[in-house]
Amino acid sequence: MNVTEKILSGHVVSGEKTPGAPVAIRIDQTLTQDATGTMAYLEFEALGKEKVETELSVSYIDHNTAQMGPNNMNDHLYLRSVAGRFGIKCSLPGNGICHQVHLERFGKPGKTLLGSDSHTPTGGGLGMLAIGAGGLDVALAMGGEPFTIKWPKVIGVKLTGSLPKWVAAKDVILKLLSILTTKGNVGCVVEYFGPGVASLSVPQRATITNMGAELGVTTSVFPSDDRTLEFLEAQGRAKDFQEILSDQDASYDRIIEIDLTKLEPLVAQSPSPDNVKTIGEVEGTKVHQVIIGSCTNSSYRDLTLAAALLRGRRVHPDVSFLVAPGSRQVMQMIDRDGSLSTFLTAGARILESACGPCIGQGLSPAEGTVSVRTFNRNFSGRTGTPNDTVFLASPETAVMAAICGELVDPRKQDVIKYPKIEEPERYDHDDWLIVPPPRRKPEIRRASTIGEPPKNSPLPENIEGDILIKLGDKITTDHIMPAGAFMKFRSNIKEYAKYVFNCFNEEGKETFYERALKVKDSSRHGIILAGLSYGQGSSREHAAICPMYLGVKAVIALSFERIHTANLINFGILPLTVSAEGLEKLKNCEHVSIRNVRSQLKEGQDLTAETEDGSKVILSHALTKKDIETILAGGKLNLFAAKK
Ligand code: MIC
Ligand code: SF4
């Protein structure tokens with residue numbers, strides 16, 4: 001067996017081990033973050049459980065820490081109280097980004113982790129099967145329900161050799177993104193194997209599994225080996241180690257070989273993480289902002305490397321250089337070893353250990369300028385600036401750009417020597433900002449800015465649909481529900497729904513929200529049309545809840561991404577696929593009827609859309625019996641309320 005099969009097999013509750021078949025797995029650990037967590041815990045409360053039934057559940061506060069107005073802290077107090085009430089640990093603001101902290105303090109090889117954030121696969125760097133999901137699925141897992149995935153196809157990535165100077169773990173995942181792209185990988189797990197694996201430390205592996213989320217796979221995983229033990233020992237957690245290696249005769253559904261020795265520095269230019277270029281192709285591009293941070297590249301290794309390159313130097317006068325350490329542990333360690341002071345001397349602006357600019361919480365670049373960020377996403381507008389250019393890069397490439405004021409190929413210069421970075425023998429760890437559940441259950445604090453999750457009605461027999469929007473390929477959840485300044489509305493669907501598809505609204509014209517409400521008020525149903533890979537990116541279930549609240553009953557697209565499909569189903573919206581020819585027909589009309597929906601779904605049949613001119617278009621689906629039951633009920637919350 002390979003590592004994926006080993007971990008999955010130990011967790012299967014029911015289902016068949018054939019690729020594509022639904023399999024329910026036991027979830028050992030969960031994590032939430034504040035931007036998805038408030039909704040997840042409101043949903044958990046609706047399940048009526050006394051406490052969580054997992055081995056470990058952690059609620060992180062790391063996304064909404066700008067606190068402009070009371071909304072964010074209202075959420076924080078709710079999260080802290082609800083964590084205490086239900087037996088959940090709460091990582092307070094300032095303690096760091098969920099994925100970085102979970103890797104440092106809680107991740108365990110061989111365990112399953114479900115997180116309400118798409119970058120939960122970071123834990124794969126420690127040999128765990130760590131999967132991103134919508135908040136409701138995480139709430140259900142906290143309540144002891146198994147989580148259903150499709151038994152995956154395993155893509156084996158064979159690593160040979162070792163990384164040359166100036167080439168980083170980030171370049172490994174950028175290389176893979178250039179091969180697999182961000183679409184078409186639904187239902188796969190990426191597993192790394194081969195002699196090159198041993199050359200990568202856990203933080204380097206975590207960079208790779210973290211950004212594996214951009215491939216659209218279920219998760220990514222490394223074996224748990226001596227390097228894993230080394231990391232856990234340094235974190236004072238050797239007892240959490242378990243060796244998990246693939247068998248000698250393990251097989252994979254597809255094998256991709258990457259010779260680390262032959263890799264070169266790469267970048268991904270906006271608007272997509274798979275728009276990968278070699279450094280040679282972009283050399284000389286003038287840069288205005290450089291940021292080292294995010295859950296992809298803000299480990300102690302990354303920051304000490306950046307500091308070593310900057311020692312005795314200053315950043316280019318035209319560059320605004322920012323550093324956001326991934327966790328309080330990293331912040332404390334760069335303080336103690338002098339790296340923090342190096343950053344300050346070099347002219348860096350130090351940010352708190354949180355998501356910050358990665359999700360457009362401030363630090364938006366100026367219009368038309370270029371920034372180099374060590375992050376994982378560069379979708380247009382994500383920075384808060386609609387027409388900027390973002391290059392995703394390794395810390396190595398980013399720091400060199402900060403020093404030189406432009407993108408440079410560091411291998412071509414011999415002034416700055418490549419530093420040797422060793423993993424520390426011991427990481428500082430005081431978990432003082434991780435609050436365990438108190439002995440006495442606290443009252444739940446619910447401020448006026450926190451609303452209830454909205455209710456949906458059961459799916460109608462006939463959908464009399466108005467097409468609300470016609471979209472192209474690769475629509476991300478950032479397009480559907482903007483983050484950044486709008487994230488403060490995450491716990492209030494009524495408010496947040498006003499901004500659905502905000503980036504497509506035009507000044508002076510009817511907004512998507514207004515259009516959808518008009519359709520809803522006229523007792524008709526909203527339909528969304530899209531191309532390939534609808535719902536890429538984040539796990540935010542708001543990208544399903546808000547359209548549901550506005551009366552959307554179906555999304556018709558060429559293909560869908562995994563987490564968003566599950567979120568649509570969870571909230572009673574039909575994800576229907578259509579042929580390219582069918583999509584063209586639908587794009588030419590404004591209204592479509594989809595009749596006998598309930599009866600045809602119950603019989604497991606495809607649906608048919610009838611257009612204004614009477615032509616018919618087949619709408620297919622890959623819904624399981626359980627999915628159909630969920631959608632017919634109007635979503636999982638209705639289903640659970642009925643079963644209680
Ligand atoms: C992201 O990176 O897009 C986020 C913000 O972390 C999201 C979660 C969210 O929207 O709250 C994710 O990756 O799932
Ligand atoms: Fe936070 Fe960015 Fe990581 Fe999302 S990708 S969890 S916003 S740091």
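Within region 494-530, work out how many residues are within 15 Å of ligand 1 (Cβ to nearest atom), of a type outside the set (Phe, Trp, Tyr) and without any contact (Cβ under 8 Å) to a residue 60 or more places away in the chain. Don't jump to the end; show me each part of the working.
Here is the first cut: in region 494-530, the ones within 15 Å of ligand 1 (Cβ to nearest atom) are 496, 499-500, 502-503.
In the following step, the residues that additionally are of a type outside the set (Phe, Trp, Tyr) were identified as 500, 502-503.
Narrowing further to those that are without any contact (Cβ under 8 Å) to a residue 60 or more places away in the chain: 500, 502.
Looking only at that region, the number is 2.
Give the number of residues within region 288-324 that are basic (Lys, Arg) and either within 16 Å of ligand 1 (Cβ to nearest atom) or farther than 19 Å from Arg411 by Cα (or both). Before you say what the answer is, go through the steps one by one.
Step one: filter region 288-324 for residues basic (Lys, Arg), giving 301, 311, 313-314.
Checking the rest, the ones that are also either within 16 Å of ligand 1 (Cβ to nearest atom) or farther than 19 Å from Arg411 by Cα (or both) come to 301, 314.
Counting residues in region 288-324 that are basic (Lys, Arg) and either within 16 Å of ligand 1 (Cβ to nearest atom) or farther than 19 Å from Arg411 by Cα (or both) gives 2.
Quick one: in region 12-39, of everything that is within 16 Å of ligand 2 (Cβ to nearest atom) and outside any helix (DSSP H, G or I), which residue is farthest from Val189 (Cα to Cα)?
Only one residue fits best here, namely Gln33.
Inspect all residues belonging to region 480-491 and state whether any of them is part of a helix (DSSP H, G or I), crowded, with 19+ Cβ neighbours inside 10 Å, touching a residue at least 40 places away in the same chain (Cβ under 8 Å) and of a type in the set (A, V, I, L, M).
Initially, region 480-491 is screened for residues part of a helix (DSSP H, G or I), giving 480, 484-489.
Within this subset, residues satisfying the condition of being crowded, with 19+ Cβ neighbours inside 10 Å are 480, 484, 487-489.
Narrowing further to those that are touching a residue at least 40 places away in the same chain (Cβ under 8 Å): 480, 484, 487-489.
Subsequent filtering for residues that are of a type in the set (A, V, I, L, M) retains 480, 487.
Yes, there is a match, as at least one residue in region 480-491 is part of a helix (DSSP H, G or I), crowded, with 19+ Cβ neighbours inside 10 Å, touching a residue at least 40 places away in the same chain (Cβ under 8 Å) and of a type in the set (A, V, I, L, M).
For Gly110, all conditions in the list (1) on the phi < 0 side of the Ramachandran plot; (2) assigned to a loop (DSSP other than H, G, I, E, B); (3) touching a strand residue (DSSP E or B) at 6+ places or on another chain (Cβ under 8 Å) hold save one; what is the number of the exception?
Result: Gly110 passes all but (1).
Take Leu42 and decide whether it is part of a helix (DSSP H, G or I), within 24 Å of Ala485 (Cβ to Cβ) and away from ligand 2 (no atom under 16 Å from the Cβ). Write out each step before concluding.
Details: part of a helix (DSSP H, G or I): yes; within 24 Å of Ala485 (Cβ to Cβ): yes; away from ligand 2 (no atom under 16 Å from the Cβ): yes.
For Leu42, the condition - part of a helix (DSSP H, G or I), within 24 Å of Ala485 (Cβ to Cβ) and away from ligand 2 (no atom under 16 Å from the Cβ) - is met.
Can you pull out the residues in region 101-124 that are more than 19 Å from Ala83 (Cβ to Cβ) and within 14 Å of ligand 2 (Cβ to nearest atom)?
Matches in region 101-124: Leu103, Ser118, His119, Pro121, Thr122, Gly123.
Could you say whether any residue in region 273-293 is touching a residue at least 40 places away in the same chain (Cβ under 8 Å) and under 26 Å from Glu425 (Cα atoms)?
Checking region 273-293: at least one residue is touching a residue at least 40 places away in the same chain (Cβ under 8 Å) and under 26 Å from Glu425 (Cα atoms).
Only one of Val323, Val315, Val330, Val319 is among the β-branched types (Val, Ile, Thr), touching a residue at least 60 places away in the same chain (Cβ under 8 Å) and within 16 Å of ligand 2 (Cβ to nearest atom). Can you tell me which? Spell out how you get there, then give the answer.
On the way: Val323 fails: touching a residue at least 60 places away in the same chain (Cβ under 8 Å); Val315 fails: within 16 Å of ligand 2 (Cβ to nearest atom); Val319 fails: within 16 Å of ligand 2 (Cβ to nearest atom).
Answer to the check: Val330.
Out of the residues in region 410-435 that are surrounded by 15 or more Cβ atoms within 10 Å (Cβ to Cβ) and among the charged types (D, E, K, R), which is nearest to the chain's Cα centre (by Cα)?
Out of the qualifying residues, it is Asp431.
For region 341-364, give me the residue count where each residue is closer than 26 Å to Leu407 by Cβ and either touching a helix residue (DSSP H, G or I) at 6+ places or on another chain (Cβ under 7 Å) or away from ligand 2 (no atom under 16 Å from the Cβ) (or both). Spell out the reasoning first.
From region 341-364, those closer than 26 Å to Leu407 by Cβ are 342-351, 355-364; that's our starting set.
Within this subset, residues satisfying the condition of being either touching a helix residue (DSSP H, G or I) at 6+ places or on another chain (Cβ under 7 Å) or away from ligand 2 (no atom under 16 Å from the Cβ) (or both) are 342-350, 359-363.
The qualifying residues number 14.
Tell me which helices (runs of 4 or more DSSP H) are completely within region 503-619 and hold 2 or more residues being aromatic (Phe, Trp, Tyr), or say none if there are none. Can you show your working first?
On the way: elements: 512-521, 542-549, 562-570, 580-587, 597-602.
So the answer is 512-521.
Based on this model, can you work out whether Thr397 counts as touching a strand residue (DSSP E or B) at 6+ places or on another chain (Cβ under 6 Å) and touching a residue at least 40 places away in the same chain (Cβ under 8 Å)?
Values: touching a strand residue (DSSP E or B) at 6+ places or on another chain (Cβ under 6 Å): no; touching a residue at least 40 places away in the same chain (Cβ under 8 Å): yes.
Taking the combined requirement at face value, the residue does not satisfy it.
Looking at region 383-393 only, could you name the residues that are surrounded by 18 or more Cβ atoms within 10 Å (Cβ to Cβ), more than 15 Å from ligand 1 (Cβ to nearest atom) and in a loop (DSSP other than H, G, I, E, B)?
Quick first cut of region 383-393, residues surrounded by 18 or more Cβ atoms within 10 Å (Cβ to Cβ) only: 383-385, 388-393.
Among the residues that remain, those that are also more than 15 Å from ligand 1 (Cβ to nearest atom) are: 385, 388-389, 391, 393.
Residues satisfying the conditions are Thr385, Asp388, Ala393.
One line per residue, one yes/no per condition, for (1) within 15 Å of ligand 1 (Cβ to nearest atom); (2) within 25 Å of Leu351 (Cβ to Cβ):
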| position | (1), (2) |
| --- | --- |
| Leu31 | yes, yes |
| Glu53 | no, no |
| Asn74 | no, yes |
| Ile97 | yes, yes |
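For region 30-57, how many residues meet the condition of being of a type outside the set (A, V, I, L, M, F, W, C), in contact with a strand residue (DSSP E or B) (Cβ under 8 Å, 6 or more places away or on another chain) and surrounded by fewer than 24 Cβ atoms within 10 Å (Cβ to Cβ)? Break it down stepwise before answering.
Initial filter on region 30-57 (of a type outside the set (A, V, I, L, M, F, W, C)): 30, 32-34, 36-38, 41, 43, 45, 48-51, 53-55, 57.
Then keep just the ones that are in contact with a strand residue (DSSP E or B) (Cβ under 8 Å, 6 or more places away or on another chain); that gives 30, 32-34, 37, 41, 54-55, 57.
Subsequent filtering for residues that are surrounded by fewer than 24 Cβ atoms within 10 Å (Cβ to Cβ) retains 54-55.
Looking only at that region, the number is 2.
Pick from region 469-484 the residues that are aliphatic (A, V, I, L, M) and within 13 Å of ligand 1 (Cβ to nearest atom): which of them is nearest to Met68 (Cα to Cα)? Steps first, answer last, please.
So in region 469-484, the residues aliphatic (A, V, I, L, M) come out as 469, 471, 475, 480-481, 483.
Subsequent filtering for residues that are within 13 Å of ligand 1 (Cβ to nearest atom) retains 480-481, 483.
Values: Ile480: 23, Met481: 20, Ala483: 14 Å.
If we take residues in region 469-484 being aliphatic (A, V, I, L, M) and within 13 Å of ligand 1 (Cβ to nearest atom), then Ala483 is nearest to Met68 (Cα to Cα).
Residues checked against (1) surrounded by fewer than 22 Cβ atoms within 10 Å (Cβ to Cβ); (2) without any contact (Cβ under 8 Å) to a residue 24 or more places away in the chain; (3) in contact with a Leu (Cβ under 9 Å, 6 or more places away or on another chain):
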{"site": "Tyr549", "(1), (2), (3)": "no, no, no"}
{"site": "Leu558", "(1), (2), (3)": "yes, no, yes"}
{"site": "Arg595", "(1), (2), (3)": "yes, no, yes"}
{"site": "Glu603", "(1), (2), (3)": "yes, yes, no"}
{"site": "Glu612", "(1), (2), (3)": "yes, yes, no"}
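Regarding region 523-530, can at least one residue be identified that is at pLDDT below 95, over 30 Å from Gly69 (Cα atoms) and either under 19 Å from the mean Cα position of the chain (by Cα) or of a type in the set (Ser, Thr, Tyr) (or both)?
yes
Considering only residues that are touching a Cys at 6+ places or on another chain (Cβ under 9 Å), outside any strand (DSSP E or B) and within 19 Å of Val267 (Cα to Cα), which ones fall in region 346-382?
Within region 346-382, the first condition is being touching a Cys at 6+ places or on another chain (Cβ under 9 Å), and the residues that meet it are 355, 358, 361, 373, 375-377, 380-382.
Narrowing further to those that are outside any strand (DSSP E or B): 355, 358, 361, 375-377, 380-382.
Within region 346-382, Cys358, Phe375, Asn376, Arg377, Ser380, Gly381, Arg382 qualify.
Let me spell it out: the conditions are (1) touching a Gly at 6+ places or on another chain (Cβ under 8 Å); (2) away from ligand 1 (no atom under 16 Å from the Cβ), and Arg349 meets all of them except one. Which number is the exception?
So the condition that Arg349 fails would be (1).
Test of understanding: among Arg336, Arg328, Arg349, which residue is of a type in the set (Lys, Arg), at pLDDT 95 or above and closer than 20 Å to Asp117 by Cβ? Even if it seems obvious, please write down each step before you answer.
Numbers: Arg336 fails: closer than 20 Å to Asp117 by Cβ; Arg349 fails: closer than 20 Å to Asp117 by Cβ.
Answer to the selection: Arg328.
Tell me, yes or no, whether region 394-410 has at least one residue that is assigned to a loop (DSSP other than H, G, I, E, B), touching a helix residue (DSSP H, G or I) at 6+ places or on another chain (Cβ under 6 Å), away from ligand 1 (no atom under 16 Å from the Cβ) and of a type in the set (Val, Ile, Thr).
yes
The values are calculated or read from the model by the stated rules, or taken from the named source; none is laboratory data. Here the structure is a predicted model, which means the values were calculated and not measured. Positions of Cβ are generated from backbone atoms using ideal geometry, with glycine treated the same way; all protein chains shown enter the neighbour counts.
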